[in-house]
Amino acid sequence: MSKLIECVPNFSEGRNMEIINKIVAEITSVEGVKLLNVDPGKATNRTVVTFVGEPEAVVEAAFKGIKMAGELIDMSSHTGAHPRMGATDVCPLIPVAGISMEETIEYAVKLAKRVGEELKIPVYLYEAAQADKSRSNLSVIRAGEYEGFAEKMNLAIWKPDFGPATFDIKRGATVIGARDFLVAYNINLNTTSVRRANSVAFDVREAGRVKREGDPVNGKIVRDENGDPVSIPGTLKSVKAIGWYIEEYGIAQISMNLTNINITPVHIAFDEVCKKANERGMRVTGSELVGLIPLKALTDAGKYFLKKQKRSAGVSERELIKIAVKSLGLDDLAPFNPNEKIIEYLLEDKNSSRLVNTTLKDFSEETASESPAPGGGSISAYLGTLGISLGVMVANLSAHKKGWDARWEEFSDLAEKGEELRKQLLKMVDEDTSAFNKIMSAMALPKTSEKEKEVRKNELESATLNAIEVPFKVMQLSTQAMPLLKTIAESGNPNSVSDAGVGALCAKAAVFGAFLNVRINSGDLKDHPKVIKILKEGEELCSSAELLEKEILVIVNNKIGS
C-alpha cells in the first residue's frame, strides 16, 4: 500500500476568487497531488483547501500554497469572523493510508522548517508535531490572533519553532502540525445573538466555561489553590466550539471542531446542541460541513436517526446518507452534494466499479458481446447480490409491517447484516472481471529471455491464484447469505415469503456458478496447496448451499400452500 496523507491548509481569504484560484493552482501544479475540495467562506473570509497524495508531493504542494498565499494576502487589512493569525493560518497533515502518525509528524516538521527558513515566516508546530504540550493546542497558540502577535512574539515562551522571531505584518504567522482527522462542523441557530450562541457552545465543548460565584456571567471567577481559573467541563468530549454571527446567512452558529469522531460523532454533537439550545429558548435549524467528512460518519448518522424512529437501518448507503443529510439539516443553507463532501467518494477510482455503475441494459449488452469479460464469474457475483438484496427487502418490509412494531429491531439487525453482504458481493462483480484482465495482462508479458520468462511465469501464477480466490469469495459470501434468507423466510412478512425463496434460488446459483469459475481457473495449478484447499472447501460450500436451498423452499412452499 502506498503512503497517503491529507493536507488541509486554511488560507485567510474567502472572498476574492482570483486569489483563491491562484493559490489552488500552485498546489495542484505538483504532480502526484489530488485536489479534493476548495471551500471558501465569505463571512469568515477564509478558504479551506483539501488535497491528498504521497508525502513528498503533499509537502511540496503545501509549501507552494503557503508561499503563494504570503505573496497575495495582506493580513494588515484582513477581517473575518474566524480566529486567524496569518495568511496561511493553519496547515495540518493527516495520515490517511499506509503511514503512521510518527512518520506524518516528520513530514510536518520538515514542512515547517522549510517554510521558516526559506520563506522567513514565523512557524509554530501544533498537535502531535509539537513536543511542548503546553503550546500544542491551536487555540492557545492563536490566542491574541494576528493583532496580538507583534507583542506576543516578544515573549520568550512564544518564540516560533522555525523562522524569525519578528512579526511579519503582511503574512503574519503560520501553524503547521500533524493530527488525526478532524471534522469542521457548524450548527445553525434561530438567533442572531453571538452571546446566546456562545452560551450553547460553552455548554457542550469539552473545555466548558470558567466557573463563577453567583452570576454565571458577571460573577467573580473561582480560582484553585494555584490561582488558576476553575472550569466547568462541557458535555461533549473531543469537541471545540465557539459561537459567532454569519452575516452572509443572517444567523448565529455554533462553530465546532470534532477532533475525534469516534468519541463524539457528528450526530451526537448535533443532538446535544439541539438539547442545549432548546433549554436556552433557541432552536437548531440545520447545520453545515466545512471541508470533507468520512463516509462512515454520515452512514452512522443515518443509522442513528433511523433507529430513533424505530425503523430498520439495513438500507442502502445512498439512503443512509439521504437520511443523515435531512436529519442534520446539512442542506439548510446550501445544497449538499455527497460526491463533493465525502472523502471516500472523492478518492474513489471510478474504473474499479465500472460494471456496477452501468445500466442493466448496458451490463447485459456488454456481457453478450464477443469480449470474454464480464463472464460467468461476474454474473455469479451479481446473482448473489440480487439474492441477498431480496432478503434485505423482506427484512425491511417486516420491520415496517403494521402490528409488528415490537419486532423492528430484530428485522433491522437482519437487514443490516444482509446489507453488508450485499455491498461485498456487489464489489465482487467488478473484482472478477478485473481478475480476468490481470491474467490477460500477464499472458501478454514478453518471453524472449530466460529472465523475462521467469517474470512472466510468476506474474501469471499470481494472477491465476487471484482469479481463483475471487469467485471462491463469491461462494463464501453467497453461502453466508442463505441462513439469513432462511430466517427471513421463517419469520418475516408472510406476504413476501416468495421473495425470500427467489433470493435462495439466486444465492445457490451464485455458489454453483462461482465454483465453475474456481474449477476452470485452477487449470495447471490444481496441485498448488492453496488451490487444493479451495477446491475442497468449494465442494463443501456447494453441498451446504444445496441443502439450505431445499430447506428454504420447503418453508416457502408450505407458507404459499397454506
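Every read-out reported here was derived from the displayed coordinates using simple, explicitly stated rules and does not represent laboratory data. Quick caveat, the model's predicted, so the values are computed rather than measured. When we count neighbours, we look across all protein chains shown, and the Cβ atoms used for this are built from the backbone with ideal geometry, even at glycine.
In the calculated pair distance distribution of the range 425-495, what percentage of Cα-Cα distances lie above 22 Å?
46 percent
If R0 is taken as 60 Å, the Cβ-Cβ distance between V502 and E103 corresponds to a FRET efficiency of 0.70.
Could you compute the FRET efficiency for N190 and E340, with r as their C-beta to C-beta distance and R0 at 25 Å, rounded to 0.05?
Between N190 and E340 the formula returns 0.40.
Summing charges over all other residues whose Cβ lies under 9 Å from the Cβ of F51, with Lys and Arg as +1 and Asp and Glu as -1, gives 0. Between the range 468-490 and the range 448-467, the C-alpha centres lie 33 angstrom from each other.
A Cβ-based charge dipole, computed about the Cα centre of the chain with Lys and Arg at +1 and Asp and Glu at -1, lands at about 1200 debye.
A simple count of charges around V8, restricted to other residues whose Cβ falls under 13 Å of its Cβ and scoring Lys, Arg +1 and Asp, Glu -1, yields -3. Put the Cα centre of the range 215-277 next to the Cα centre of the range 394-423 and the gap is 38 Å.
Estimated purely from DSSP H runs of n ≥ 4, each contributing -39500 (n - 2.57), the mean residue ellipticity at 222 nm for the chain is -17500 deg cm²/dmol once divided by its residues.
When +1 charges are put on Lys and Arg Cβ atoms and -1 charges on Asp and Glu Cβ atoms, the dipole computed for the range 4-178 relative to its Cα centre reaches about 440 debye. Length gained on full extension, K402 to S364: 9.9 nm, using 0.36 nm per residue less the C-alpha separation.
Using only the C-alpha atoms, the convex hull of the range 183-347 corresponds to 129 Å³ per residue. Convert 4 °C to kelvin, take the viscosity as 1.567 mPa s, use the Kirkwood radius over C-alpha pairs of the range 253-365 as Rh, and evaluate the Stokes-Einstein diffusion coefficient in µm²/s, rounded to a whole number. It diffuses with D of about 82 µm²/s by this estimate. Between K211 and I232, full extension at 0.36 nm per residue minus the direct alpha carbon distance yields a gain of 7.0 nm.
If you wrap the Cα atoms of the range 4-178 in a convex hull and average its projected area over all directions, you get 8.7 nm². Sparse packing (at most 11 other Cβ atoms within 10 Å of the Cβ) combined with a DSSP loop state is found for the following GluC sites (Glu not before Pro) in the range 237-318: E247.
Each of T88, T285 was scored by other Cβ atoms within 10 Å of its Cβ. Arranged with the fewest first, they read T285, T88. Projecting label points 7 angstrom from Cα along Cα→Cβ for E147 and E416 puts them 5.0 nm apart. Shape analysis of the chain based on the Cα gyration tensor places the equivalent ellipsoid semi-axes at 52, 33, 19 Å, largest first.
Reported to the nearest whole Å, the Cα centre-to-centre distance from the range 1-79 to the range 98-162 is 18. For a straight C-alpha distance cut-off of 17 angstrom, the lysines reachable from K220 (same-chain residues fewer than eight places away being disregarded) are K211. Between S29 and N137, the contour length at 0.36 nm per residue exceeds the Cα-Cα span by 35.7 nm.
Measuring how big the range 150-213 is from its alpha-carbon positions, Rg and Dmax come out at 17.7, 45 Å.
With semi-axes defined as the square roots of five times the eigenvalues of the C-alpha gyration tensor, the equivalent ellipsoid of the range 355-561 measures 38, 17, 13 Å, largest first.
Under the membrane-span-like helix rule (DSSP H runs whose alpha carbons stretch at least 27 Å along the helix axis, mean Kyte-Doolittle hydropathy -1.0 or higher), the chain yields 376-399, 408-443, 450-491, 497-522, 529-561. Since only A509, N437, Y382 are under comparison, the one whose Cα sits farthest along the positive direction of the charge dipole of the range 355-561, derived from C-beta charges on Lys, Arg, Asp and Glu, is A509. Give me the net charge of I439's neighbourhood, meaning all other residues with Cβ under 11 Å from the Cβ of I439; Lys, Arg count +1, Asp, Glu -1. Every neighbour counted, the sum reads -1. Within a straight-line Cα-Cα reach of under 14 Å, K559 can be paired with the following aspartates and glutamates, leaving aside sequence neighbours fewer than 8 residues apart in one chain: E490, D499, E551. Compactness of the range 63-109 was expressed as the Cα radius of gyration divided by 2.2 N^0.38 Å, which yields 1.49. Summarised as an ellipsoid, the range 362-423 has semi-axes of 35, 10, 6 Å, derived from the eigenvalues of the Cα gyration tensor scaled by 5 and square-rooted, with the largest first. Applying Stokes-Einstein at 4 °C and 1.567 mPa s to the Kirkwood radius of the range 132-260, computed over alpha-carbon pairs, gives a translational diffusion coefficient of 76 µm² s⁻¹. Exposure proxy for L525, L445, L330: other Cβ atoms within 10 Å of each Cβ, ordered fewest to most, give L445, L525, L330. Using R₀ = 41 Å, calculate the FRET efficiency as 1/(1 + (r/R₀)^6) where r is the Cβ-Cβ separation of K170 and N437; round to 0.05. For K170 and N437, the calculated efficiency is 0.15.
A simple spin-label model places the labels of N557 and K296 4.5 nm from each other, with each point 7 Å out along Cα-to-Cβ.
Of all lysines in the structure, those lying under 22 Å Cα to Cα from K530, and not within fewer than 8 positions of it along the same chain, are K438, K457, K473.
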